[in-house]
Amino acid sequence: WNELTEEERRVEAREMELYAAMVENLDHQIGRLLAYLEELGELDNTLVVFMSDNGAAGADFYYDSTRPFREFLQARYDNAYENMGRPGSWISYGVPWAEAGTAPFRLYKTHATQCGVLAPLIATGPGVAGGGTINRAFATAMDIAPTFLEIAGAEYPSDGSVRPMLGESMVDVLTGEANAVHADDYAVLINHRRASYLRRGDWKLISLTDPTDPASFGLFNVAEDPGETTDLRTSRPDMYEELIALWQAETERLGIVLIGR
């Protein structure tokens, strides 16, 4: 921030103002929905789950010369300061605000670092215990559907007519009857473009460049090092080799097609 010109600061400040206004509007509209449920007498009979997309978006398509549609956007939208946030503008807050918004994590959305894969989830409603507290039990989006099915008393088909769900219900954690959704040895693998990671417990194996090359992976303990600043693969070669083998097995089991450089 200190290195920006006054004009650059003015533009960056407006970008954050627009983002903050969108969040405020989102909050207002959610409030309207909850008020309507209360008016119907259904608020106390409704489980409300709110979650964010993963990470802060650093892409700025309007100015990014590496994007093929920059010229298309600039020909059709006006991002002059006076028009920012108005109809006809195309505003993104870019990499600097994305990194600030996800600190102390590294990088931003689309990356396999914690900033790009962690998402907050807020749950409230009948049976949800521990209001106003933070539960750090590890869960994934795959656990949402099993949770809703259990709450609704519905059964997922088990006759082989559809693929089985990979997640587990979070109901026992939401009600305070359990501290964890998954067993300690539960592992999850995520692959996106040229980024891939496997997490088991507090250990995380991650490649940001080329998952087809095992040498591109680093090893991190996200409980002790949430910013993923210290690669432990040389100091913990046993854990590194164990997770690499697990990652390769899971990649094959799930039928993931990897993209290299």
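The values are calculated or read from the model by the stated rules, or taken from the named source; none is laboratory data. Bear in mind that the values here come from a model prediction, so they are computed numbers and not experimental data. So basically every Cβ, Gly included, is an ideal-geometry build from the backbone, and we count neighbours across all protein chains shown.
Points to keep in mind about this one:
- Residues in the range 208-231 that are under 12 Å from L243 (Cα atoms) and either of a type in the set (D, E, K, R) or not in a loop (DSSP other than H, G, I, E, B) (or both): P214, G218, L219, F220.
- The number of residues in the range 109-130 being part of a loop (DSSP other than H, G, I, E, B), of a type in the set (V, I, T) and more than 30 Å from A35 (Cβ to Cβ) comes to 2.
- Filter pass, S235 being of a type in the set (S, T, N, Q), at pLDDT 90 or above, farther than 30 Å from V49 by Cα and not in a strand (DSSP E or B): yes
- Inside the range 95-119, residues that are closer than 21 Å to R194 by Cβ and out of contact with any strand residue (DSSP E or B) (no Cβ under 9 Å at 6 or more places or on another chain) make up a count of 11.
- Selection of the range 92-131 for residues being of a type in the set (S, T, Y) and touching a helix residue (DSSP H, G or I) at 6+ places or on another chain (Cβ under 8 Å) yields S92, Y93, T102, Y108, T110.
- Of all residues in the range 160-182, those that are over 18 Å from R200 (Cα atoms) and in contact (Cβ under 8 Å) with a residue 12 or more places away in the chain have Cβ atoms under 8 Å from Cβ atoms of residues that are of a type outside the set (G, A, S) and loosely packed, with under 13 Cβ neighbours inside 10 Å, 6 or more apart or on another chain, in M165/M142; M165/Y156; V173/N179.
- Scan of the range 108-134 for residues that are of a type outside the set (G, A, S) and without any contact (Cβ under 8 Å) to a residue 40 or more places away in the chain, ordered by number: T133, I134
- Lone unmet requirement of (1) within 30 Å of A195 (Cβ to Cβ); (2) charged (D, E, K, R); (3) out of contact with any Phe, Trp or Tyr (no Cβ under 9 Å at 6 or more places or on another chain); (4) without any contact (Cβ under 8 Å) to a residue 12 or more places away in the chain for D53: (4)
- Criterion violated by L149 - all others in (1) in contact (Cβ under 8 Å) with a residue 24 or more places away in the chain; (2) part of a helix (DSSP H, G or I) satisfied: (1)
- Only one entry in L18, L37, L26 is in contact with a strand residue (DSSP E or B) (Cβ under 9 Å, 6 or more places away or on another chain) and assigned to a helix (DSSP H, G or I), namely L37.
- Residues that are exposed (fewer than 11 other Cβ atoms within 10 Å of the Cβ) and either of a type outside the set (G, A, S) or within 26 Å of E150 (Cα to Cα) (or both) were ranked within the range 20-34; the one that is farthest from the chain's Cα centre (by Cα) is R32.
- Residues of the range 52-68 that turn out to be modelled with pLDDT of 85 or more and of a type in the set (D, E), as a count: 2
- Of the candidates R106, R136, the single residue that is closer than 23 Å to P226 by Cβ, touching a Cys at 6+ places or on another chain (Cβ under 8 Å) and not polar (S, T, N, Q) is R106.
- Filtered residue count, the range 181-207, keeping only those that are part of a loop (DSSP other than H, G, I, E, B), out of contact with any Phe, Trp or Tyr (no Cβ under 9 Å at 6 or more places or on another chain) and not charged (D, E, K, R): 1
- For the range 58-108, a residue qualifies if it is out of contact with any Ser or Thr (no Cβ under 7 Å at 6 or more places or on another chain), in a loop (DSSP other than H, G, I, E, B), aliphatic (A, V, I, L, M) and buried (at least 17 other Cβ atoms within 10 Å of the Cβ), and exactly one does: I91.
- Extreme residue, nearest to A57 (Cα to Cα), among residues of the range 115-126 that are modelled with pLDDT of 90 or more and not hydrophobic (A, V, I, L, M, F, W, C): T124
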